[in-house]
Amino acid sequence: MGISINGPSGIDTSYIIDSLTDMEYERVRRVEQQKAAYDLKIQAYSKLQSFVSDVSSKAFSLNNKDDFGLFAENSSNEDIVTVTGAAGSTPGSYGVRVFNVAQHEKMVSADGIISSQTEALSSFGIGTGTISIEGTEIDITATDTIQDARRKINNATDADGKELGVSASVIKMSDTNFRLVLSAKDTGSGGIAYKDVSGTALQDLGIIHSADGNKGNTTQVLTSTDDINTIFSGLVAGDTIQYGGVDHNGNEVSNTFIVKASSTVDDLLQQVEETYNGMADATIDATGNLVLTSKVEGSSQMTMTSLNIAGTDYQMNVSVAGDEGAGVLSVGSNAYFSVDSLYMESKSNAAQDFIAGVTLNLNKADAGETVAVEIDRDYEAITKKVKDLIDSFNALHRFSKESTTYGDPEDEDSDGGVLAGDMTVSSIVSRIRKLFQTQFENAPTYKNLTMAGVETDYNTGRFTLDEERFKEALQKSFDEVVDLFVTSGASDNANITLGIYDENVKSGTYTLEEINGNQQVRITGSDGTSYDSDVRTGEIVSFSEGLAAGLKLTFPAGTLAAGETASFTFTRGLSDIIKDEIDGLTDSKEGLISLRQETYRSSINRANDRITKLEARVEKYRERLVREFSYMEQVMAELQSQSTNMLSALG
């Protein structure tokens, strides 16, 4: 309290009281030190949880077959085409030629008919009514401006609540000339379907030519002047048909068809289509004429300038010229390309599934160059993901060692870990270690991670990954190594497939049998215990009891005949095993880490109560000392006064 009672005694009682009180306060400090130690332990367990969660996160990144879909891609000319691999991709090399890239359709209102953004469209002679875009109807009223029309189109949604596949914008040509532009969001031929349901708004804007949506586009058509079909039928083996010209984009094309005994006119038509880079349809019309029709609408350079059949020249003329409608800013078109001389067509420039699991990104048309693209599994990247998982466990193990180690009693500078002697930490690390040593008895070759290259350093307790050995395992048995990590379910009956599952489903081989008029399925585990499924919902069979509780199968009714059984093997992959175990350890209520932290928090609460009581006791002790020393000084003052009086009385 800083009270000074220096009186007749001349003693520094304040110092004595502070010293005696400070000696009593030492108990408080010891409890505060214990409290600080508990707080450090809580922080240490938070760090432990972070390390444990990182192991779970790294494991979860290998939870799905798609997570192993890492590929190394290469293109000899990325300006023209690049390649992207995904799960299910087929490694290989391919020669790709790009003849035409897919384009967005863009429509534009007529020039010079709208002179203001703020005046109603009706004031410019634009009719009101209902327009239709891809089947979605939009009302254009008498007061709507060009900007109102733009907003209505952009805010419109279809019956499913999805935005329309078109975006509207207004471009300013001059202060008195504004035009509405409608751009298809997706590439591809055909573009967007526009109609005037009532009124003539789109027609008056010049976007379409008739209420039913005619845009005025035409496609280039070449027609022979002679009956090519009859001429072909008179050819004999060894005769040749030579032809040449340019395709839709003006690329020179030519070829020679050599007649065989088995040749048909359809064989000729197919070769012509391929010669024109897959961008034209070749047919024979009712009069036997050869007809070549461009697949791409609008202006076209397609011609056949030479056609020689068995030494005689024939003529191919343009019977229909390709052209764009007045309201067409750009025609929507598909992409045309070939892979190893196989001609293909795609609505998108991201051409998917023409090669299993592979996306060809078509960037630029260049018919004259064959681009070599290559895709192969990126074993290096896959190995790194597994190494990251191993490293995350080693980081956890290192933290465990550092935090639980005792200090050297013979070395004053040696400090023990915050959790020195805490067996819970070692127990957690041990439990997780055992997960990495899981045995997969149903696997044909790689039954554990050790066989795939994960080794244990018995001196340190850490794992190491023999990267070369692991990559070799991937190259030899990719699917089997993946199955070590990924949960799988397979049946000897192709109609029975794995649906969803939860953490309760136990790995094992089960026997399945349809019962109760095929409304339920009886499942029997390897221990002979049987359980019946819930009543079938469509093709979905769910189990709520037994070792397979939480399992759902796709299992069409009648898959198994009466008395017939099928086997189903469920194997929980290492990723799921680790995640399920760690989810339990880190559960905010029942997890072992949370429970340990709660124990220390309880200890801190008890320490706080103890500190409060001790501080109260010390304060009472101080007050008692103050009273006693005050009384002493008072008595001494009285004695001194009496002594002075007595000496005065004695003269």
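The values are calculated or read from the model by the stated rules, or taken from the named source; none is laboratory data. Keep in mind it's a predicted model, so treat the numbers as computed, not measured. Don't worry about glycine lacking a Cβ; one is built from the backbone with ideal geometry, like all the others, and counts go over all protein chains shown. Keep in mind that these areas ignore ligands, DNA and RNA; they rest on the heavy atoms of the full protein, side chains included. Shrake-Rupley method; radii C 1.70, N 1.55, O 1.52, S 1.80 Å.
Give the residue, chosen from 323, 266, 285, 353, that is acidic (Asp, Glu) and at positive phi.
When all the criteria are applied, what remains is 353.
Given the condition within 30 Å of residue 358 (Cβ to Cβ), open to solvent by less than 70 Å² (accessible area, probe 1.4 Å) and not basic (Lys, Arg), answer yes or no: does some residue in the stretch 144-153 qualify?
Scanning the stretch 144-153 turns up no residue that is within 30 Å of residue 358 (Cβ to Cβ), open to solvent by less than 70 Å² (accessible area, probe 1.4 Å) and not basic (Lys, Arg).
Suppose we keep only residues that are outside any strand (DSSP E or B) and closer than 22 Å to residue 401 by Cβ within the stretch 451-474. Which one would you say is farthest from the chain's Cα centre (by Cα)?
459
Given (1) surrounded by fewer than 18 Cβ atoms within 10 Å (Cβ to Cβ); (2) of a type in the set (Val, Ile, Thr); (3) over 30 Å from residue 337 (Cα atoms), where does residue 231 come up short, assuming only one miss?
Going through (1) surrounded by fewer than 18 Cβ atoms within 10 Å (Cβ to Cβ); (2) of a type in the set (Val, Ile, Thr); (3) over 30 Å from residue 337 (Cα atoms) one by one, residue 231 breaks only (1).
What residue, of 328, 320, is closer than 23 Å to residue 192 by Cβ and either β-branched (Val, Ile, Thr) or in contact with a Cys (Cβ under 8 Å, 6 or more places away or on another chain) (or both)? Talk me through it step by step, then tell me what you get.
On the way: 320 fails: closer than 23 Å to residue 192 by Cβ.
So the residue among 328, 320 that is closer than 23 Å to residue 192 by Cβ and either β-branched (Val, Ile, Thr) or in contact with a Cys (Cβ under 8 Å, 6 or more places away or on another chain) (or both) is 328.
Taking the condition open to solvent by 60 Å² or more (accessible area, probe 1.4 Å) and touching a Pro at 6+ places or on another chain (Cβ under 9 Å), does residue 539 pass?
Values: open to solvent by 60 Å² or more (accessible area, probe 1.4 Å): yes; touching a Pro at 6+ places or on another chain (Cβ under 9 Å): yes.
The answer is yes for residue 539.
Considering only the stretch 314-337, state which residues are in a loop (DSSP other than H, G, I, E, B) and either of a type in the set (Gly, Ala, Ser) or open to solvent by less than 40 Å² (accessible area, probe 1.4 Å) (or both).
Within the stretch 314-337, 321, 322, 325, 326, 327, 331, 332, 334 meet the criteria.
Give the stretch 285-313 a look and list any residue that's more than 25 Å from residue 339 (Cα to Cα) and either open to solvent by less than 50 Å² (accessible area, probe 1.4 Å) or at pLDDT below 95 (or both), or say none. Please lay out each step first, then the result.
Quick first cut of the stretch 285-313, residues more than 25 Å from residue 339 (Cα to Cα) only: 285-291, 298-299, 305-313.
Those that are more than 25 Å from residue 339 (Cα to Cα) and either open to solvent by less than 50 Å² (accessible area, probe 1.4 Å) or at pLDDT below 95 (or both): 288, 289, 290, 291, 298, 307, 308, 309.
Under 9 Å between Cβ atoms, which residue pairs at least 6 apart in sequence (or on different chains) link something in the stretch 22-43 that is under 15 Å from residue 607 (Cα atoms) and hydroxyl-bearing (Ser, Thr, Tyr) with a partner that is open to solvent by 90 Å² or more (accessible area, probe 1.4 Å) and in a helix (DSSP H, G or I)?
38/601
What tally of residues in the stretch 547-592 results from selecting those that are closer than 30 Å to residue 44 by Cα and either in a loop (DSSP other than H, G, I, E, B) or free of Cβ contacts under 8 Å to residues at least 60 places away in the same chain (or both)?
7
Suppose we filter 198, 183, 189 for residues that are open to solvent by 30 Å² or more (accessible area, probe 1.4 Å) and within 30 Å of residue 335 (Cα to Cα); which single one remains?
189
Of the conditions (1) in a helix (DSSP H, G or I); (2) at pLDDT 90 or above; (3) surrounded by 19 or more Cβ atoms within 10 Å (Cβ to Cβ), residue 105 satisfies every one except a single condition; which number is it?
With respect to (1) in a helix (DSSP H, G or I); (2) at pLDDT 90 or above; (3) surrounded by 19 or more Cβ atoms within 10 Å (Cβ to Cβ), residue 105 is out only on (1).
State whether the residues of the stretch 363-370 include one that is closer than 17 Å to residue 93 by Cβ, touching a residue at least 60 places away in the same chain (Cβ under 8 Å), open to solvent by 50 Å² or more (accessible area, probe 1.4 Å) and of a type in the set (Asp, Glu). Walk me through it before giving the result.
As a first pass, look at the stretch 363-370 and keep what is closer than 17 Å to residue 93 by Cβ: 369-370.
Among the residues that remain, those that are also touching a residue at least 60 places away in the same chain (Cβ under 8 Å) are: 369-370.
Within this subset, residues satisfying the condition of being open to solvent by 50 Å² or more (accessible area, probe 1.4 Å) are 369-370.
Filter once more, keeping what is of a type in the set (Asp, Glu): 369.
Yes, the stretch 363-370 contains at least one residue that is closer than 17 Å to residue 93 by Cβ, touching a residue at least 60 places away in the same chain (Cβ under 8 Å), open to solvent by 50 Å² or more (accessible area, probe 1.4 Å) and of a type in the set (Asp, Glu).
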